[in-house]
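See below for the structure under consideration.
The values are calculated or read from the model by the stated rules, or taken from the named source; none is laboratory data. All of these numbers come straight from a predicted model, not from anything done at the bench. Here the Cβ positions follow ideal geometry from the backbone for every residue, glycine too, while neighbour counts run over all protein chains shown. When the accessible area is computed, the model is the full protein with side chains, heavy atoms only, and any ligands, DNA or RNA have been set aside. Shrake-Rupley method; radii C 1.70, N 1.55, O 1.52, S 1.80 Å.
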Amino acid sequence: MTTRPPAFRLGKVLATSFTATLTERCGDAVERIPTPRRLADWLAVSGLAVDSCTTAQLELARELRESIHAVATAAALGADLPDAAVRVVNERSAQGRASAVLTPDGDRRWHLGPGSAVEDALGVIAADAISVVAGERDGRLALCASPTCRAAFFDTSQSRTRRWCEMNTCGNRQKKARFQAGRNGKQNDETPGATG
């Protein structure tokens, strides 16, 4: 019996969704693109379908992912952007050959030409990261408050105070842990002989 790969965490911001292909970075890390096929799948569901993907292209993608995460983390913390990560993001952006197109609904989509390579899709992701980090969008970069996650995400909430990369995963997990800790503390207070 084969195990199914973990589901993708897709958000509204391409660059930070891409960094979410590795989750629980400070705990038991979950790799969501373990194979070239899974990278091709992620690109397809993100509107960047490619014909094929090699192991070498997967490594380029992972290098870009980690560089975007490093740059986004530094930006979220107000720290200097790491030179090596900036260099990788810029190189991938320059290598891509994609064009922005306007849909009839007024949305921007990326058009990859026939026979597009993974490098073209990575160029789009890198350009999106540049746009986010450079502050060209309405929102702010933040880090997930979960101590095992620490994912970079783009907060577009009205108050810009969102704490979790995803409420359905990290937020719920943290709330459940607080609830259990409170319950366990209350149960200890109610045990015979306990002083309070």
Angle in degrees between helix 36-45 and the longest Cα principal axis of the chain, rounded to the nearest 10: 90
Projected-area average for the range 107-164 over all orientations - Cα convex hull basis, square nanometres: 5.5
Amide H contacts under 5 Å for residue 32, placed H, 5+ residues apart: 22, 23
GNM top mover of 152, 44, 121 - the chain, alpha-carbon springs below 10 Å: 44
Per-peptide average of other Cβ atoms within 10 Å, ordering 91-102, 59-70 highest first: 59-70, 91-102
Helix-only [θ]222 nm of the chain, DSSP H runs n ≥ 4, -39500 (n - 2.57) each, per residue, nearest 500: -14500 deg cm²/dmol
With Cα atoms, 0 to 90° folded angle of helix 172-190 axis to the chain main axis: 10
With every protein chain in place, the chain: carbon and sulfur % of accessible area (1.4 Å): 52
Solvent-accessible area per residue, Å², over the range 1-154 with all protein chains present [probe radius 1.4 Å]: 51
Along principal axes, Cα extents of the range 1-71, largest first, whole Å: 30, 30, 25
Unpaired by the 4.7 Å Cβ criterion, cysteines found in the chain: 26, 53, 170
Three-way shape label, the range 68-159, alpha-carbon gyration tensor, a/c 1.5: oblate
Nearest 10 degrees, 0 to 90: helix 118-133 Cα axis against the chain principal axis: 60
Convex hull of Cα atoms in the chain, direction-averaged projection (nm²): 16.2
